[in-house]
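Engineer: This is the structure, below, for whatever I ask next.
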Amino acid sequence: MELKRRNESGQAVIEYVLILTIIVSFYMALMTVIDKANLAEKLSGPIVGSYAKTYKYGHPKAKGFDEGTPEFHPRAVIDGKVRLFINPRN
């Protein structure tokens, strides 16, 4: 008794399209959740806020001339002259 083969041409393409559809649907759902919950802004908040000020001025609450009056800068006032402490660049 002989076994008959079914015509299975195109099955790999259909499986590929189904897997690709699932991956794209998952990606789009994830992007929608990230957009609606403002997760990108919440995650980047410390990087553009306190970390940036700490790197730029040496203190997380520091302000420069761009933000108004400079405050919280590591400095020393000697004989009326202001000395700012800046990390040397190598």
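FYI, it's all coordinate maths here, none of it is from the lab. These figures come from a predicted structure and were not determined experimentally. Cβ placement follows ideal geometry from the backbone for every residue including glycine, while neighbour counts extend to all protein chains displayed.
Engineer: Out of the residues in the range 55-71 that are part of a loop (DSSP other than H, G, I, E, B) and exposed (fewer than 11 other Cβ atoms within 10 Å of the Cβ), state the one that is nearest to the chain's Cα centre (by Cα). Steps first, please.
Structural biologist: First pass over the range 55-71, keeping only residues part of a loop (DSSP other than H, G, I, E, B): 58-62, 64, 68-70.
Subsequent filtering for residues that are exposed (fewer than 11 other Cβ atoms within 10 Å of the Cβ) retains 61, 68-69.
On the way: Lys61: 22, Gly68: 27, Thr69: 29 Å.
Ranking the qualifying residues of the range 55-71, first place goes to Lys61.
Engineer: Only one of Gly68, Gly58 is in contact (Cβ under 8 Å) with a residue 24 or more places away in the chain and on the phi > 0 side of the Ramachandran plot; which?
Structural biologist: Numbers: Gly68 fails: in contact (Cβ under 8 Å) with a residue 24 or more places away in the chain.
Of Gly68, Gly58, the one residue that is in contact (Cβ under 8 Å) with a residue 24 or more places away in the chain and on the phi > 0 side of the Ramachandran plot is Gly58.
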